[in-house]
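Please treat every number below as a calculation from the coordinates, not as lab data. Everything numeric in this text was worked out from a predicted model, so none of it was measured. Note that each Cβ is placed from the backbone with ideal geometry, even for glycine, and that neighbours are counted across all protein chains shown.
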Amino acid sequence: MLKNKDSMVTQELKTDEIKRLVDQVAHLKPSFYLAGGEPFLRKDTVDIIEYINSKKLPTILTNNGTMLSEEAMQRLAKVDRLTMNFSIDGPRDVHDRIRGQGNYDRTMNTVKRLVELRGRRVNPSIKTNTTFSPWIVGRIDELIRDLQAYGIDAARFQHLWFTDEQTAENHRLALKELYGIEDRGARTHVISTPTQKYVEALAKEIADVEKRRYSIPVFMHPKLTEEQVVKYYTDLTFSKSDHCSAPWTHALVKANGDVMFCPDEWVTQYKIGNVREGNVVEMWNNEKARFFRQQLNKVQLFPACKRCCAMSD
Ligand SMILES: C[S@@+](CC[C@H](N)C(=O)[O-])C[C@H]1O[C@@H](n2cnc3c(N)ncnc32)[C@H](O)[C@@H]1O
Ligand code: SF4
């Protein structure tokens, strides 16, 4: 979803262009992840999901749960291949502090209604997604207990995607050397180093929660031991994996149709094409795509990749 109204919204792909894109790739049997921004800011998001479903292909999305009308929920409750993650940043007071008064109840009322509408069906799959932050330390068990009451399929927890100044700068330099691009995207993920006290408390609490039993599955992304959680936040060279295979398995289509490989601004200036200019299946292995993979193969990862969402599972 593009944000700058004057320059970008007018460039957003139209419904028919998105459907054409789905048609182009359908034979490859992909999954579609609708990312944002907020996916339901687009008025045609439910149409697009229904269209993907009509091709017997799955859709996954994460949304804030405050944008869905009763009509939209009734339609979504009938979709067969859909996973809906609802962002919940903590127990009610924490979530509302971060996202505004009343938003926890707005989101959870949507969740409740969707669970009710799908009835005995297993679809759509309905999960919550919580990104760890200092405000939920000491509150994770309480949050899961609250969420259990809603009949959701799972509670997902997400470690932060982030970097520091030096790593972002190394990332920029590496992209310049490997691809000749000036890419400052990783800077949007720079945060000040989390305190040791916070990190140790978070790691211990996650370990405690993982020993408990709940009536819903609880997943951590990435799944880390107590010691690894501490490293995740304090040592940016630590990672469970030393390479990224996303550019061999995923393509990202921006709202304006640009096709690239890396999500969330980690590499923003390397495009392999635009869906308005040709068939995305042909772009997938064009010269620019092959060069991107070849250079990545040489280094396995760019400096800031270890905290990219593509490394989360
Ligand atoms: C980018 S948001 C967009 C979707 C939608 N607007 C929403 O609020 O859920 C999708 C999910 O990513 C999570 N998220 C955002 N920034 C993150 C970061 N730096 N690290 C980890 N998760 C993050 C959010 O908590 C949210 O659950
Ligand atoms: S880990 Fe690196 S190469 Fe992989 S998708 Fe993220 S930014 Fe791109």
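Could you tell me, in Å, what Rg and Dmax come out for the Cα atoms of the range 1-113?
Cα radius of gyration and Dmax of the range 1-113 are 15.3, 46 Å respectively.
So for Tyr214, Tyr232, fewest C-beta neighbours within 10 Å to most, what's the order?
Details: Tyr214 14, Tyr232 24.
Listing Tyr214, Tyr232 from fewest to most nearby Cβ atoms yields Tyr214, Tyr232.
Determine, for Cys309, Cys244, Cys262, the number of other Cβ atoms within 10 Å of each Cβ, and report the residues in order from fewest to most. Before the final figure, lay out each step's value.
On the way: Cys309 17, Cys244 21, Cys262 25.
By the 10 Å Cβ count, ascending: Cys309, Cys244, Cys262.
May I ask you to derive the relative contact order of the range 96-233, considering only C-alpha pairs under 8 Å and at least 6 residues apart, and to give it as an integer percent? Before the final figure, lay out each step's value.
Numbers: 137 pairs, mean separation 36.0, N = 138.
RCO, the range 96-233: 26 percent.
Which pairs, out of Lys271/Lys298; Lys14/Lys176; Lys43/Lys254; Lys271/Lys306; Lys55/Lys78, put more than 24 Å between their alpha-carbon atoms?
Working: Lys271/Lys298 19 Å; Lys14/Lys176 33 Å; Lys43/Lys254 17 Å; Lys271/Lys306 21 Å; Lys55/Lys78 15 Å.
With Cα atoms farther than 24 Å apart: Lys14/Lys176.
So how do Leu160, Leu296 line up by other beta-carbon neighbours within 10 Å, fewest first? Don't skip to the answer; put the middle values down first.
Values: Leu160 13, Leu296 23.
So the ranking, lowest neighbour count to highest, is Leu160, Leu296.
With an 8 Å cut-off on Cα pairs and a minimum separation of 6 or more residues, tell me the relative contact order of the range 213-313 in percent. Could you put the intermediate results ahead of the total?
On the way: 87 pairs, mean separation 30.3, N = 101.
For the range 213-313, the relative contact order is 30 percent.
Three principal axis extents, largest first, for the C-alpha atoms of the range 242-313, in Å?
Answer, in whole Å and largest first: 34, 23, 20 Å.
Counting only helical runs of four or more DSSP H residues, what would the 222 nm mean residue ellipticity of the chain come to if each run contributes -39,500 (n - 2.57) and the total is spread over all its residues? Mind showing how you got there, number by number?
Numbers: 12 runs with 122 residues, N = 313.
It comes out at -11500 deg cm²/dmol, rounded to the nearest 500.
Any chance you could list the semi-axes, whole Å, largest first, of the equivalent ellipsoid that the Cα gyration tensor gives for the chain, using √(5λ)?
Values for the chain, descending: 31, 28, 17 Å.
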